[in-house]
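Here the structure comes first, spelled out in C-alpha cells, and everything after it is commentary.
The values are calculated or read from the model by the stated rules, or taken from the named source; none is laboratory data. Bear in mind that the values here come from a model prediction, so they are computed numbers and not experimental data. We place every Cβ from the backbone using ideal geometry, glycine too, and count neighbours over all the protein chains shown. Just the protein is used for accessible areas: all its heavy atoms, side chains included, with ligands, DNA and RNA removed. Shrake-Rupley method; radii C 1.70, N 1.55, O 1.52, S 1.80 Å.
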Amino acid sequence: MAKEEGYRSRAAYKLKQLDDRFHLFKGARYVLDIGAAPGGWLQVASEAVGEDGLVVGVDQNPIENLELDNVETIVGDILDEETLDEIRELLPGSVDVVLSDLSPNISGAWEVDQFLQIDLARMALKVSQDLLRRDGWFVVKVFMGPEYEAYLKDVKSAYRKVNVVKPLASRKGSAEVYLVARHLGRGRRPR
Ligand SMILES: C[S@@+](CC[C@H](N)C(=O)[O-])C[C@H]1O[C@@H](n2cnc3c(N)ncnc32)[C@H](O)[C@@H]1O
C-alpha cells in the first residue's frame with residue numbers, strides 16, 4: 001500500500017494515524033524528524049506543513065532525495081554533538097514538532113536491542129527539550145522492555161501531557177509503542 005500511494009515506507013501510515021488523532025501538524029511550520037530514513041515520515045510531514053514550512057530529517061544513513069522543496073536532510077549520528085550543531089543551524093530556536101522513529105539495527109537479541117533503542121529515545125527526549133517550543137509536540141517510538149517504565153517516567157516529568165499509543169499500522173505482536181507528548185514543563189533547558 002505504501003508503494004502504491006508513493007510513500008517510502010509503511011511507517012508513513014503510523015504517523016498519519018497519530019496525526020489524525022492528535023492533529024500534530026495543526027499550525028506547524030518547523031518539524032524535526034530524527035531517524036528519518038528512508039523518508040516516509042518526511043513525506044507526511046512535508047505535506048502537512050506545506051510550502052511555507054520546513055521539515056528537517058536526520059539519519060545516520062543517507063536519505064535518497066525526496067525532491068520536496070520544504071525538506072532538508074542531514075546525514076549524521078544523533079549521538080554526535082556535530083549532528084546537533086547541524087540541526088541547530090537549519091532550524092530556528094523553537095520547533096513545532098519533534099518526531100523520533102529511531103531504531104537501532106536489530107540484532108535479534110531482544111534485551112540488547114531494547115536497551116539500545118531506549119538510549120536513542122533518551123537522546124530524542126533531550127533534543128526535544130532543547131529545541132521544541134513550549135506547547136509543541138514530541139512523538140517518540142519506544143520498544144517496550146525492562147527500561148520502558150523508567151523512560152516513560154522521564155518523559156512524564158518533562159511533559160505535562162503524555163499519551164501512550166499503539167498505532168493500528170504497527171505490526172501485530174510488535175513490542176513498540178509511541179509516546180505522544182505535549183507541553184514542556186520544568187524539563188525545558190534554556191537555549
Ligand atoms: C524505523 S527507521 C525510520 C523510518 C522512518 N520514520 C520512515 O518513515 O521512513 C529508524 C531509523 O533510525 C536510524 N537510526 C538509528 N540509530 C541512529 C542514530 N544513532 N543516529 C541517526 N539515525 C539513527 C536508522 O538508520 C533508521 O533509518
Estimated FRET transfer efficiency (HIS183, ASP119; beta-carbon r; R0 22 Å; 0.05):
0.30
Express in Å², to the nearest 10, the accessible area of TYR159 obtained by rolling a 1.4 Å probe over the protein heavy atoms while all chains stay in place.
10 Å²
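Considering only protein heavy atoms and a probe of 1.4 Å, how much of the accessible area of the range 11-184 is carbon and sulfur, as a whole percent?
Working: 3820 of 8170 Å².
Heavy-atom surface of the range 11-184 belonging to carbon and sulfur, 1.4 Å probe: 47 percent.
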Could you compute the FRET efficiency for ASN65 and ARG10, with r as their C-beta to C-beta distance and R0 at 25 Å, rounded to 0.05?
0.75
Using 7 Å Cα-to-Cβ label points, what is the LYS26/ARG134 separation (nm, one decimal)?
2.0 nm
Quick calc, the range 11-184, dipole around Cα centre from Cβ unit charges on Lys, Arg (+) and Asp, Glu (-), nearest 20 debye, gives 1220 debye
Roughly how many whole Å is it from the C-alpha centroid of the range 139-164 to that of the range 98-122?
14 Å
Result for the range 11-184: accessible area per residue, probe 1.4 angstrom, in square angstrom, of 47 Å²
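How much length is gained on full extension from ALA150 to LEU168, taking 0.36 nm per residue of separation minus their Cα-Cα distance?
On the way: separation 18, 0.36 × 18 = 6.48 nm, distance 2.48 nm.
Extra length available between ALA150 and LEU168 comes to 4.0 nm.
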Please give the contour-minus-distance gain from GLU51 to SER157: 0.36 nm per residue of separation, less the Cα-Cα distance, rounded to one decimal in nm.
34.7 nm
Over its alpha-carbon atoms, the range 11-184 yields an Rg and a Dmax in Å of 14.8, 44
Could you work out the relative contact order of the chain? I mean the mean sequence separation of Cα pairs under 8 Å and 6+ apart, divided by the number of residues, in percent.
18 percent
